[in-house]
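All of the numbers you see were taken from the coordinates with simple rules; none came from a lab. Since we're looking at a predicted model, the values are computed, not measured. Quick reminder, even Gly has a Cβ in these numbers, built from the backbone with ideal geometry, and neighbours come from all protein chains shown.
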Amino acid sequence: MPIWFDVTRLVTVLNIAVLCGLGYLWVRTHLELRTKVTLGFLLFGGFLLVENGFAFYLFVVDPTTSAWFAEIPARYNIAFMVLTLLQFGALGALSWVTVE
């Protein structure tokens, strides 16, 4: 199994953890302020959480697709890894802005 696929799976789990943390903060903030912006953040985070949960299922849980992803050419695993890392970077920036 290529290391690129392992990195993708690890970062997918990190994305889920960050989204859960952000979701907690956004729920707390929305209950306090009741604004459309906080509701928008909640919806945005919810959609991303579902997307990452589905990716986790495909990459880790489902034996057919996880075996398929592990066997595809490295350039495709690198592409998946880059997309997942870019999403993690975006979530990191969003976390930084949310906490500030």
Matching residues in the range 73-100 - criterion: being touching a Pro at 6+ places or on another chain (Cβ under 9 Å) and more than 14 Å from Arg9 (Cα to Cα): Ala74
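To keep it simple, each residue is scored yes or no on (1) under 12 Å from the mean Cα position of the chain (by Cα); (2) surrounded by fewer than 11 Cβ atoms within 10 Å (Cβ to Cβ); (3) more than 28 Å from Thr29 (Cα to Cα).
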position	(1), (2), (3)
Gly53	yes, no, no
Asp62	no, no, yes
Leu85	yes, no, no
Glu100	no, yes, no
Extreme residue, nearest to the chain's Cα centre (by Cα), among residues of the range 71-83 that are under 30 Å from Leu22 (Cβ atoms) and among the aliphatic types (A, V, I, L, M): Leu83
Residue in the range 35-53 that is free of Cβ contacts under 8 Å to residues at least 12 places away in the same chain, aromatic (Phe, Trp, Tyr) and more than 19 Å from Leu86 (Cα to Cα) present: no
Qualifying residues in the range 1-28 (those that are among the β-branched types (Val, Ile, Thr) and in contact (Cβ under 8 Å) with a residue 12 or more places away in the chain) - the one surrounded by the most Cβ atoms within 10 Å (Cβ to Cβ): Thr12
